[in-house]
Amino acid sequence: ELKVEQNPLFLSMQEGKNYTIYCNYSTTSDRLYWYRQDPGKSLESLFVLLSNGAVKQEGRLMASLDTKARLSTLHITAAVHDLSATYFCAVDSLGGNTPLVFGKGTRLSVIA
Amino acid sequence: DAGVIQSPRHEVTEMGQEVTLRCKPISGHNSLFWYRQTMMRGLELLIYFNNNVPIDDSGMPEDRFSAKMPNASFSTLKIQPSEPRDSAVYFCASSLGGTTEAFFGQGTRLTVV
């Protein structure tokens, strides 16, 4: 059974600081996704990582994937309040038309 | 495209009543997923369809839950009878399969009193 673990689950950070969220998964996969969820809202796709060594960046967020270590990271650079949200990683274990398995999410709060 | 459309957005019902949640996937997508989100259990997959066919319903908690997809543009999730522990946000998502991500609807917040 595929398991996806994120840490930390809660993160409070000051504006301007850097931090990394980690996502580990238990079985072989080369497809990993990051989503953002604002309170009371839906999940919004942030990054799609489809191969070992993939790196994608959007603004202050950068995601990477190491399939050998079964690890993805979401790095936050110079955090701003607007980044406050819950971030989920999800893994597609079988490829094709199969459902994603989600981590429990990291609730990020950026404070002044 | 308007994205994945779910209705209703909010539903409050009494225990024992039947509840039907509706979903319209993105046009052209061939996979549809129903997830439930709670604080305690996070995001749980309930059931998914490929090309309108149910593939895996092992996440459906009990026989009180049922889902259908009569055509490529419509799916329902029914709870009968509803119980307070069914209170959650129910998301529908669709994807094109392959390497594309799943796109989520706005969710239905269900409260059973």
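Every number here is computed from the coordinates shown, using simple stated rules; none is lab data. Remember, it's a predicted structure, so these values are computed and weren't measured experimentally.
Miscellaneous remarks
- DSSP assigns beta bridges within the range B:13-113; of those with both partners inside it, close to 95 percent run antiparallel.
- Base-10 log of normalised Debye intensity for the range A:37-112 (one unit scatterer per alpha-carbon) at q = 0.12, 0.24, 0.26, 0.27 Å⁻¹: -0.37, -1.31, -1.44, -1.48
- Principal semi-axes of the equivalent ellipsoid, √(5λ) from the alpha carbon gyration tensor of the range B:33-113, are 21, 15, 11 Å from largest down.
- Taking all Cα pairs closer than 8 Å and separated by 6 or more residues, the relative contact order of chain A comes to 37 percent.
- Computed over Cα pairs, the Kirkwood radius of the range B:1-67 leads via Stokes-Einstein (0.692 mPa s, 37 °C) to a diffusion coefficient of 242 µm² per second.
- The range B:31-98 and the range A:1-47 have Cα centres lying 23 Å from one another.
- Pairs of Cα atoms farther than 25 Å apart, the protein assembly as shown, %: 41 percent
- Kirkwood Rh and Cα Rg combined as Rg/Rh, the range B:1-40: 1.04
- Looking at chain A, the DSSP beta bridges with both ends there are about 90 percent antiparallel.
- Shown here is the pair-distance distribution of the range A:16-55: with all Cα-Cα distances grouped in 5 Å bins from zero up to the longest one, the shares run 6, 16, 20, 24, 20, 11, 3, 0 percent.
- Relative contact order of the range A:52-112, defined on C-alpha pairs under 8 angstrom at six or more residues apart (%): 25 percent
- Among the lysines of the protein assembly as shown, pairs that are 8 or more positions apart or on different chains and have alpha carbons within less than 27 Å of each other number 20.
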